[in-house]
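*Asks:* The following block contains the structure, expressed as structure tokens.
Every read-out reported here was derived from the displayed coordinates using simple, explicitly stated rules and does not represent laboratory data. Just so it is clear, the structure is predicted and the values come from calculations on it, not from any experiment. Using ideal geometry, Cβ is built from the backbone for each residue, glycine included, and neighbour counts are taken over all protein chains shown.
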Amino acid sequence: MDVENSPASVEQAAATVGRAAPRRSWGALVAIGLTALACCGALLYRTEVRSRYWAWRLTRATDPAECAVYLGALCNAGESGRWGVAALLDDPRGQVRQYGVLALQPLRTPWARARLRELLADTDPHVRNLAESGLALPGDPSADPNGSESVGPANP
């Protein structure tokens with residue numbers, strides 16, 4: 001009788017395979033779980049990550065139409081575009097910081113107002129002018145020190 005085909009060796013081989021299979025399935029389950037967790041994180045922070053990408057593309061764009069596309073995407077992201085706007089505002093080039101100020105202007109959050117106030121002391125005069133314009137937009141309650149909604153001259 002051949003030892004490889006004996007019933008004892010077949011049972012031993014089956015028992016060995018049966019023990020190794022659960023380890024592989026646990027590893028596969030862990031891999032699937034980690035992949036699912038990464039996908040959920042990507043979905044939760046999708047716009048934030050994309051805003052950082054848009055800012056990166058905006059800093060490298062040479063065509064004005066391409067710049068407009070990425071700036072528009074950052075402006076439309078709203079508060080979720082904060083990561084990208086912050087990256088633009090931290091750039092050493094004045095023109096890139098101007099894009100960041102333009103993306104901040106429609107936001108009415110305390111973070112945006114604080115960043116615009118910080119930019120009033122920027123070294124680039126164009127960035128300072130855009131920050132002033134962003135803080136003085138009509139209808140912005142933080143633009144009027146009296147707290148009224150109108151920005152025009154006071155009634156006598």
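*Asks:* Could you tell me how many of the residues in the range 91-114 are over 15 Å from Gly134 (Cβ atoms) and either within 15 Å of the chain's Cα centre (by Cα) or in a helix (DSSP H, G or I) (or both)?
*Replies:* The total comes to 3.
*Asks:* Please go through the range 30-48 and pick out each residue that is exposed (fewer than 15 other Cβ atoms within 10 Å of the Cβ) and among the β-branched types (Val, Ile, Thr).
*Replies:* Answer for the range 30-48, where residues must be exposed (fewer than 15 other Cβ atoms within 10 Å of the Cβ) and among the β-branched types (Val, Ile, Thr): Val30, Ile32, Thr35.
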